[in-house]
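Here the structure comes first, spelled out in C-alpha cells, and everything after it is commentary.
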Amino acid sequence: MEVSRGGAAAAGGGGARRGEEEGGEVSLREWLDRPGRAVEAPECLHVFRQVAEAVADAHAQGVAVGSGRPSCFVVSPPFSRVAFIESASGSDASGSDASEDADHDAEPPRRGHGEERGEKGFPLKSVLAMELNWYTSPEEADDSGGGATFASDVYRLGVLLFELFCSFETLEEKMRAMANLRYRVLPPQLLLKWPKEASFCQLMMHPVPDTRPKMSEVLQSEFLNQSRNSLEEREAALRLREEIEEQELLLDFLLQLQKRKQDIADNLQDTVAFLSSDINEVLHRQSALGQCGNFSIELDKEVSSGTVEDQSDCGSRKRFRPELHAVDMEEHSRSLEECSRTVPSSVVIQESVLSKSSRLMKNFKKLETAYFLARSKLARQVGNPLRSCDQVVKRTTGSAVGTEGSSIDDFALEGHSGRRQGGWMNSFLEGLCRYLSFSQLKVRAELKQCDLLNSSNLVCSVGFDRDNEFFATAGVNKKIKVFEYNMIVNEHRDIHYPVVEMSNKSKLSCISWNSYMKSHIASSDFDGLVQVWDVTRSQVFVEMREHERRVWSVDFSLADPTKLVSGSDDGTVKLWSMNQAGSVGTIRTRANVCSVQFQPDSARSIAIGSADHKIYCYDLRNIRAPYCTLVGHTKTVSYVKYVDASTIVSGSTDNSLKLWDLSTNQARVIDNPVQTFTGHTNTKNFVGLSISDGYIATGSETNEVFVYHKAFPMPVLAYKFNVTDPISGQEIDDQSQFISCVCWRGQSSTLLSANSSGNIKVLEMD
C-alpha cells in the first residue's frame, strides 16, 4: 500500500505551539497534548475524518494499517490538514517485539530542537512510550489475532476519537483516563457534553472485534456527517477571512508604495518646475546678451584683423591681476602671437563649449548635487526673514577667468534688466566657469638644488613674500632658503642657488612672511622656538621662547603686521607683538594645536585647528572661550585657512577638506559645513593647504597635488610628482613620498609645491 507522505521530511517534534507560530507541521501527538488545547467539535471531527479516510483507503486495498497512532500523523495549519508519515504495513506489530521497538517505531521526525517538548507540555518521550500500549487492541495484546487487522485499526480510531474530545492538564490525569479507557470507562464530562461521540467511541472499542463497525459504517455515521456541513462552512469562512487579510495586506502595500512614489513624483514635479524656471532665466539672460550682438560683431572683426589691443587672454587662459606688476614680457609677446591667429569669437565659444562638455559629463552627478545644494540654500534664504543680503558670503573681487562674454554679461544684465535676479545662479555659474576654466596643471619650473639627494630634505613650509618676487622654503634640514621667483622660472640652470640662506638650530615646521615689512619672515621649530628673521641681514632679530613643546604653526596678521600668533603641541596658542617683549596673551586648549591663522581683515580674530578634531574661532578681546566651534572632522585638524572674513577651509587627516560659513549660523557650535572636499589622501602627514581666489590647493599622500574650487566637492585638477631613480634615471613608484606643502603665488594661477623628498616645483593651471 502507498500512502501520501505529505511533509514527512518537515514534520517534527518542535512543539505544537512553536509549529503553529512558525506556520509549519507538527505531529498529531503534539497537537493533541499541547497545553491549554480547547476542544472544538468541528475541528476534532475534521481531523478524525481525515485519519479515518486514510485508514479506509488502506482497507480498500486490503491492507491493515497497524500504525494508526497520533505520532504517525502530522497536522498542518491553517485548516488542520492531516498527513500520514509512517509507512503502512501489514506486519505484526504486537507482542514483545513491538514493545521492545516501541521507541523506535513511535518516534516522529524531529526539527532538531531536542527530545522533549518543553517545560509546559507533556514529556514527549514518556508519552510516545505509552502511546503504543494505549493504541494496542485487546486481541493484539493477547496475541490471539495474528497481528494488525481491520478491526484493530477501528479500535485505534476509537482511542483517537477519545483523545480528540478529551483535553487534560496534567500527565497523571491523562494516564488515569487512558487506563480507564482500556475498560471503556469514559469521563463523565465527555458523556454529558459529547454523548454521540462518546457512544461511538465505545462502539469502536468493543472488546469483541466482530462487533466493531466497519470503516464504511464509520464514515457514514450520523455524528460524523452531521458536522460535515458546518465544518465545510467553517473552512470556507476561514478561507474567506484569509483571502480578505491577504487582500488587505496587498492593499496596504500598494497604498504605501503609491504614497512613496507620489512623494517622489511631487518632489520630481517641484524639481522640474524650478529647473524650468532656471532654464527660462538663462534664456532670458541669453536674450539680453543677444541685444549686444553689435558689440560681438565688432569684436569678431577686430579679432579677425588682429587689431584688438589686449588679447593676452585669448591664447592662454592664465589669470592676470592688476596687482601683479612683474609680468614676463617674453611670455606676453608669445601670447599676442597666438592671438593673432585666433578665429572669430563665435567659433572660439563653440569650440570651448565642446572641449568642456566632456569634463562636465564626467562629473555630471557631482555637479548635479552641487546645483541642488545651491538651490536649497536659496530656499532656506527665502524662508529665513532674519537673513539679510549683507550676511551672504562676500564674493571675491575679479574673475578668475576672463571669458568672452564677461563684460557683455555685466552690461546686459544690469543695463537691460536693471537688476540681478537669482544670485545663487550667478554664484553657481561662477563656480562652474571656474571649475571648467582649466584643464591641467603643468610644470612651469622645477627647483634644482645641489643637496637633492640628502635624506633630510623634507620641506615643511613654503611661502611668497609681500610682492611675490621671492619665495622661501623651510624644513627638516634646519635651513630657510630664499629664492628669486623670476630667476627660477625664466633662467634654465643646472643648479638653483638661494639668494639668502639662514640656518637654525632645530628642524623648522612653518614660516610666514610679513605683509608690510618685506624682509621680515617668522619661523617656528621643533624645539618650541618662534623667531623673526631679517632676510636682508640673514639673521634673527626677535626670538620668542615660551612654548614648552614643538610649534607647528606661526602666522603674521595681514591687518596688523606687528601681531604674530603661534600654536604648539603643548596645547597653547601664543599671541605676540613685535613692539613688546614676551607674549601678550595665551589661549590654552585641551589638545595639541596644529594650525593657527589670523582673520584676513582683522587682527582681533583667529582660527585654531586642533588635534581633538575641532576648529576653534576666538575673538582676541575675550580669549577665555571661543565664540564659535566647528565640528565635523573625524580626525586631527591639521590646517585652517580663511577664504574671507566669514569663510574658513579646514584640512584634516580624515582625507577631507571642509568649507565653513560663519555668517550663516549664529550658534556657538556649527556642525554643518557648506562643502566637503574629497579625492586626495591624507591620513597621517601634513600635506599643505593654500587658498587663492576660490581655488583650494592641497597635497596628498599619493605624491599628488590636488586643486579644488570652493563651489564643488570634487577636484578640479591634479598633478602627480614623478619619482626618478637617481642612478638609472627611470621613473619609479615610491609610495613613501607625499606632498608636504603648497602655496599659491598671490592671486595668480601659479602654485608652488614641495614633497617629502625636497622636490620643489612651480605649477601653473592651464
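The values are calculated or read from the model by the stated rules, or taken from the named source; none is laboratory data. None of these values were measured; they are calculated from a predicted model. Glycine gets a Cβ as well: all are built from the backbone with ideal geometry, and neighbour counts include every protein chain shown. Please note that ligands, DNA and RNA were not included when accessible areas were found on the heavy atoms of the full protein model with its side chains. Shrake-Rupley method; radii C 1.70, N 1.55, O 1.52, S 1.80 Å.
Couple of notes before you dig in:
- Ranked by how many other beta carbons lie within 10 Å on average, peptides 613-626, 466-479 from highest: 466-479, 613-626
- Given K125/K193; K362/K635; K478/K518; K518/K574, the pairs whose alpha carbons are separated by over 26 Å: K125/K193; K362/K635
- Estimated at 0.36 nm per residue, the fully extended path between Q220 and D560 surpasses their Cα-Cα distance by 111.2 nm.
- Hits among lysines - C-alpha to C-alpha of K196 under 30 Å, sequence gap 8 or more where chains match: K174, K214
- At a probe radius of 1.4 angstrom, the accessible area of segment 492-534 per residue rounds to 45 square angstrom.
- Simple point charges give the picture: +1 on the Cβ of Lys and Arg, -1 on the Cβ of Asp and Glu, and for segment 531-635 a dipole about the Cα centre of about 260 debye.
- Size descriptor for segment 597-665, Kirkwood hydrodynamic radius: 12.0 Å (Cα pairs only, one decimal).
- Estimated FRET transfer efficiency when R0 is 60 angstrom, pair V39-Q269 (beta carbons, to 0.05): 0.50
- Pairwise label distance in nanometres, Q666 with S503, each label 7 Å out on the Cα-Cβ vector: 5.9
- Förster radius 41 Å - calculated FRET efficiency between L429 and I495, Cβ distance, rounded to 0.05: 0.30
- Taking chymotrypsin sites (Phe, Trp or Tyr not before Pro) across segment 494-589, the ones in a DSSP loop with at most 16 further Cβ atoms lying within 10 angstrom of their Cβ are Y516.
- Over 18 Å (Cα to Cα) - which of K366/K684; K448/K479; K442/K479; K641/K720; K479/K684 fall in this group: K366/K684; K442/K479; K641/K720; K479/K684
- Dipole magnitude for segment 128-221: computed about the Cα centre from +1 point charges on Lys and Arg Cβ and -1 point charges on Asp and Glu Cβ, it is near 340 debye.
- Computed over protein heavy atoms with a 1.4 Å probe, the accessible surface of segment 612-718 works out to 34 Å² per residue.
- Segment 582-606 and segment 638-680: distance between their alpha carbon centers, rounded to Å: 17
- Packing-based ranking, highest mean first, of 273-283, 689-699, 629-639 given that Cβ atoms within 10 Å are counted: 689-699, 629-639, 273-283
- Ranked by how many other beta carbons lie within 10 Å on average, peptides 711-723, 210-222 from highest: 711-723, 210-222
- Volume of the Cα convex hull of segment 665-766, divided per residue and given in Å³: 123
- Inter-label distance, nm, simple model (7 Å from Cα along the C-beta direction), L255/K518: 8.0
- Only Lys, Arg, Asp and Glu carry charge here, each on its Cβ (+1 for the first two, -1 for the last two); on that basis segment 640-766 has a dipole of about 400 debye about its Cα centre.
- M361/Q189 FRET efficiency (R0 56 Å; Cβ-Cβ; nearest 0.05): 0.10
- Taking 0.36 nm per residue of sequence separation and removing the Cα-Cα distance, the T211/T536 pair yields an extension gain of 103.9 nm.
- Length gained on full extension, S456 to E469: 2.0 nm, using 0.36 nm per residue less the C-alpha separation.
- Qualifying trypsin sites (Lys or Arg not before Pro) in segment 560-593, where qualification requires a DSSP coil assignment and no more than 14 other C-beta atoms within 10 Å, comprise R590.
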